[in-house]
1. State all residues of the stretch 104-117 that are surrounded by fewer than 16 Cβ atoms within 10 Å (Cβ to Cβ) and under 15 Å from Phe87 (Cα atoms); if no residue qualifies, say none.
2. Just name the residue that is surrounded by the most Cβ atoms within 10 Å (Cβ to Cβ) out of those in the stretch 9-25 that are hydrophobic (A, V, I, L, M, F, W, C) and in contact (Cβ under 8 Å) with a residue 60 or more places away in the chain.
3. For the stretch 275-297, which residues satisfy the criterion of being open to solvent by 40 Å² or more (accessible area, probe 1.4 Å) and of a type in the set (A, V, I, L, M, F, W, C)?
4. State the number of residues belonging to the stretch 99-127 that are in contact (Cβ under 8 Å) with a residue 12 or more places away in the chain and part of a loop (DSSP other than H, G, I, E, B).
5. Given the structure, is Lys53 surrounded by 14 or more Cβ atoms within 10 Å (Cβ to Cβ) and either among the acidic types (Asp, Glu) or modelled with pLDDT of 80 or more (or both)?
6. Determine whether Tyr163 is part of a helix (DSSP H, G or I) and either open to solvent by less than 20 Å² (accessible area, probe 1.4 Å) or at pLDDT below 90 (or both).
7. Among the numbered conditions (1) part of a loop (DSSP other than H, G, I, E, B); (2) in contact with a helix residue (DSSP H, G or I) (Cβ under 8 Å, 6 or more places away or on another chain), tell me where Asp260 comes up short.
8. Check every one of the helices (runs of 4 or more DSSP H) wholly within the stretch 289-382 and list those with 1 or more residues that are modelled with pLDDT under 90 and more than 30 Å from Asn261 (Cα to Cα).
Amino acid sequence: MILLTLIKKEIKEFFRNKSDVIVMLIFPVILIFVMGKSLDDLMSVEKNIFNNKTIYYRINMPIHNKKNLQIFYDFMINFEKKTNVKFIENKNYKEAINDVNNNKAICFMDIYDNKINYFRNEKKESTESKIFRNLYEQYRRKYSFLQTISKSNLNQMTNLSNYQMKISLKDENINEEEINSYTYYTFAELILIILYISTLTSISMYKERFLHTMTRLKVSNTNRFNILASKIDLGIIIGLMQTLVVYIVSTKLLHVNWGDNLTYIMLVLISFIIFSSVLGIFISMIFHNQKTAYTVNNILIIIMGFLGGSYVPICLVKSSKITSFLCNIMPNYWANIALLGLHYNMETKYYIISILISLSLSLIMLIVGNFISKQRVGGNFD
């Protein structure tokens, strides 16, 4: 009963603040429409982006390590099947580089025994080159795993490689049909706006401290668990309302199909909502000053939003090695690709990874935040 009373109090306070209601429930719809409309051309990436394009390569003999060469050949065969790109062997180094710089070819791959040098346009790398480079890097990393699986059945390697190429293409938003920007940003902006729940839970914690509500609650035998649980429940309720609003608007007005995996999609979203709610609580436990906490929280949201693909497509974010690495440690990145994977009915475990990461980080933040808050003078929220 105490927990329910606290939750009701939190919900009433949320709806009293009209600006919070607008930002949390109406702004996501505006954001999806604006981002989807403004970046429609950028997101209109289809397999024909490589239509009649050329990729040069050169093999420098002798090559003793056959693995890199085998990876390249398998990738080339599968990539040519799925796109209309042309791989042309060019042994004239200067001519190949010149054609790449003049946009007559996407790139030039110079293959040696233990390395592959990738040459792109020196002035400005094209979107095709960024996507292709990222696809090849993914394929190279995952090839060894596929090879291990197929050791007992060599005939299975071709099928696995072909399947892996389909997954890689979908990861980069290249599908048999043109990708609708509204589909991408429905999920990407929903994830972004869910992150802002952390600001609500953080501010709610500071309000309790300012009004000394925490002290009164604890005097009335309301335990610490109920206090924290009410904040998390507030975040979950708001997150579910956000999801419902976005679902109705995206399906009815923007004609976005959420796919056949709604149950798994909801599990991914709920786990991420919990993460965002706990993130705000954690920040309030770490920083005593509310302005500092608010600044840190918003900086984190901006950084995570960028790395998670909420501002620009994921394939462009991952075109750099540094940002590609940082993407993989961001829970919103995993939530985003999990939702896209479920939308396209991809047979991946991204949704499991996303759920585990969100819930694990939530638990860690609660444990660490609780420990730090106890070390403060007085050992409490106040």
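1. Lys104
2. Pass one, the stretch 9-25, residues hydrophobic (A, V, I, L, M, F, W, C): 11, 14-15, 21-25.
Imposing the further condition that a residue be in contact (Cβ under 8 Å) with a residue 60 or more places away in the chain reduces the set to 11, 14, 23-25.
Values: Ile11: 15, Phe14: 17, Val23: 15, Met24: 22, Leu25: 16.
The extreme case among them is Met24.
3. Here is the first cut: in the stretch 275-297, the residues open to solvent by 40 Å² or more (accessible area, probe 1.4 Å) are 282, 286-292, 294-296.
Correct list: Phe282, Ile286, Phe287, Val296.
4. Within the stretch 99-127, the subset in contact (Cβ under 8 Å) with a residue 12 or more places away in the chain is 99-101, 103-116, 118-123, 125-127.
Those still in the list that are part of a loop (DSSP other than H, G, I, E, B) too: 103-106, 112-115, 120-123, 125-126.
Residues meeting the conditions: 14.
5. Details: surrounded by 14 or more Cβ atoms within 10 Å (Cβ to Cβ): yes; either among the acidic types (Asp, Glu) or modelled with pLDDT of 80 or more (or both): yes.
So Lys53 fits the description; yes.
6. Details: part of a helix (DSSP H, G or I): yes; either open to solvent by less than 20 Å² (accessible area, probe 1.4 Å) or at pLDDT below 90 (or both): yes.
When the stated conditions are applied, Tyr163 passes them.
7. Asp260 satisfies every listed condition except (2).
8. Numbers: elements: 290-307, 314-317, 321-327, 331-343, 350-375.
By residue number, 290-307, 321-327, 350-375.
The values are calculated or read from the model by the stated rules, or taken from the named source; none is laboratory data. What you see is a predicted model, and the numbers here were worked out from it, not measured in a lab. FYI the Cβ positions are ideal-geometry reconstructions off the backbone, even for glycines, and counts take in every protein chain you see. These area figures cover heavy atoms from the full protein model, side chains too; ligands, DNA and RNA do not enter into them. Shrake-Rupley method; radii C 1.70, N 1.55, O 1.52, S 1.80 Å.
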